Amino acid sequence: ETTLRAAAAKAGLFFGVAASPGRLSSIVSQEFGQLTPENDMKPDTIATSSGGLRNTGNADTLVNYAQTNNMLVRGHTLVWHSQAGQLQGTSQATLNTFIGNALTRWGSRIAYWDVVNEALDDNNNGRRRTQWPHSLSRDANGDGDFFDAGDTDVIRNSFRRAKEVVQQNNLTTKLCINDYDVEGLTVSGGARNNKAQALYDIVRAYTQGTERLIDCVGFQAHFNDNPNSVITDDLQANIQRFADLGVEVHITELDIDDDLSNNDIGQGQANNYRKVVRACLNVAGCTGITVWGIADSESWRSSERGLLFTGGSGNYQKKAAYSAVLDELNKG
Ligand code: G3I
């Protein structure tokens with residue numbers, strides 16, 4: 001196959017991209033089978049302080065484009081401590097209202113929603129964030145988990161509400177939890193990745209009991225190309241253990257910075273892209289990969305040359321990383 005979209009489809013997964021309406025040129029539907037609004041479905045754009053919707057025009061444009069071009073949509077994102085806009089500091093009840101409004105606004109036209117984004121703390125301590133909305137959580141018996149009777153838990157409560165809306169409206173939308181620095185079983189240097197473990201514990205707890213609240217797990221995968229690359233050899237094993245819980249795993253925000261210090265003209269980056277694609281292809285439950293933008297110049301980390309194209313709209317040029325991804329997808 002000659003496009004990422006077709007090669008991925010043949011291999012049984014989707015290959016997608018994050019975009020804003022201004023980036024919707026023909027390359028998007030040609031090369032990509034899935035679309036994530038990079039910014040236009042975030043609460044700071046679409047939520048009112050009472051959990052209503054506003055300003056949904058850009059989101060509509062993206063959803064309509066995807067529908068016209070037979071692309072899947074990933075909604076991004078409902079419950080997040082950052083870019084919370086008018087929801088910042090609000091109650092679980094208001095979050096639940098927003099979850100209901102957003103889910104029903106686009107219904108099954110959204111294949112996957114990031115219900116909870118970046119819930120876990122940094123510094124590899126295996127804890128949840130403490131700032132809002134996690135301040136809505138209460139560990140009743142103080143045992144350090146949130147899985148006991150009497151606990152309140154913004155993650156569980158948000159997924160419960162989302163699942164209820166999906167069921168009441170007969171939606172096909174799948175409900176995902178998404179995070180970064182959770183990709184490997186270990187972190188650079190070989191220590192256990194406690195953030196990945198914490199995510200695993202949450203997904204296990206909310207899928208293996210009587211409630212099946214979580215359908216999919218997103219590994220953001222904002223990676224580096226250098227000797228200490230955070231792409232560890234156990235990426236595939238980590239994807240596999242989540243897939244073994246019966247959830248779909250997605251690589252949701254892939255970019256890999258190109259370390260110029262090794263003078264390899266993008267080859268290290270291309271090899272790293274290959275590794276990520278291979279890890280996903282090797283696990284049946286890894287059902288999609290999304291890159292976080294089209295061209296380097298359009299990326300949130302534009303100085304790091306992390307994407308598959310150079311140039312810009314109307315003049316996109318494929319990089320070595322593009323060829324590596326296409327080649328790996330074509331191997332199936
Ligand atoms: O559009 C306005 C423009 O009108 C204004 O003049 C300018 C001045 O600051 O800001 C522009 O908005 C920026 C927007 O990107 C569009 O470029 C925001 O300031 C900026 O904060 C926003 O950054 C986005 C960031 O999330 C924060 O929401 C990035 O584009 C987006 O790539 C990034 O994506 C996140 C994921 O949602 C979650 N995971 C991490 C990932 C990377 O940070």
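No lab work stands behind these numbers, since they all come straight from the coordinates. All of these numbers come straight from a predicted model, not from anything done at the bench. No Cβ is skipped: glycine too gets one built from the backbone with ideal geometry, and neighbour counts run over all protein chains shown.
Please list, by residue number, everything in region 154-171 whose backbone N is under 13 Å from a paramagnetic label point 7 Å out along Cα→Cβ of SER108. Under 13 Å, as judged by backbone N against the label point of SER108, lie 166-171 of region 154-171.
Extension gain, GLU1-SER135: 0.36 nm per intervening residue step, less the Cα-Cα distance, totals 43.4 nm.
Indicate the gyration tensor shape class of region 67-129 (rounded, prolate or oblate), computed on the Cα atoms with a ≥ b ≥ c the square roots of the eigenvalues: a/c under 1.5 is rounded; otherwise a/b larger than b/c is prolate and the rest oblate. It is oblate, given that a/c is not under 1.5 and a/b is not larger than b/c. Between ARG192 and GLN67, the modelled label-to-label distance comes to 4.7 nm, taking each label 7 Å out from Cα in the direction of the beta carbon. For chymotrypsin sites (Phe, Trp or Tyr not before Pro), the sites in region 270-305 that DSSP calls loop and that have at most 14 other Cβ atoms within 10 Å are TRP300. Label-to-label distance for LYS10 and ALA284 is 2.2 nm, based on points extended 7 Å past Cα in the beta-carbon direction. Modelled this way, with points 7 Å down the Cα-to-C-beta line, the labels at SER26 and SER49 are 4.8 nm from one another.
Which is farthest toward the positive dipole end of the chain among ILE46, TRP292, PHE309, measuring Cα position about the Cα centre, with Cβ charges +1 (Lys, Arg) and -1 (Asp, Glu)? Going by the Cα projections, it comes out as ILE46.
Among beta bridges identified by DSSP and lying wholly in the chain, the antiparallel ones come to about 15 percent.
Shape of region 4-331 from its Cα gyration tensor (a ≥ b ≥ c, root eigenvalues): rounded if a/c is under 1.5, otherwise prolate when a/b > b/c, or oblate? Here region 4-331 falls in the oblate category.
Other residues with beta-carbon under 14 Å from the beta-carbon of ILE251 carry, at +1 per Lys or Arg and -1 per Asp or Glu, a net charge of -4.
Could you list the residues of region 115-134 with an amide nitrogen less than 16 Å from a label point located 7 Å from the Cα of ASP201 in the Cα-to-C-beta direction? Residues 119-130 fall inside that zone.
Nearest 0.05, what FRET efficiency do TRP300 and GLN168 give at R0 = 25 Å with Cβ-Cβ as r?
Numbers: r = 36 Å, r/R0 = 1.43.
The formula returns an efficiency of 0.10 here.
Taking other C-beta atoms within 10 angstrom as a stand-in for reagent exposure, HIS76, HIS134 fall in the order HIS134, HIS76, fewest first. Dipole magnitude for region 155-221: about 200 debye, using +1 per Lys or Arg Cβ and -1 per Asp or Glu Cβ, origin at the Cα centre. With neighbour counts taken as other beta-carbon atoms within 10 Å, the residues MET71, MET41 rank, fewest first, as MET71, MET41. Cβ crowding within 10 Å, taken as a proxy for footprinting-reagent exposure, orders TRP106, TRP132, TRP113 from fewest neighbours to most as TRP132, TRP106, TRP113.
Across region 64-74, computed HN-Hα scalar couplings (Karplus, 6.51 cos²θ - 1.76 cosθ + 1.60, θ = phi - 60°) run 5, 4, 4, 5, 4, 9, 6, 9, 6, 10, 10 Hz from first to last residue, x flagging Gly and Pro.
With R₀ fixed at 22 Å, the C-beta to C-beta distance from ASP244 to ASP145 puts the FRET efficiency at about 0.60. For the pair ASN263 and SER91 in one chain, pulling the backbone fully straight at 0.36 nm per residue adds 56.8 nm over the alpha carbon distance.
Inter-part distance, region 169-225 to region 1-59, computed on C-alpha centroids, equals 21 Å.
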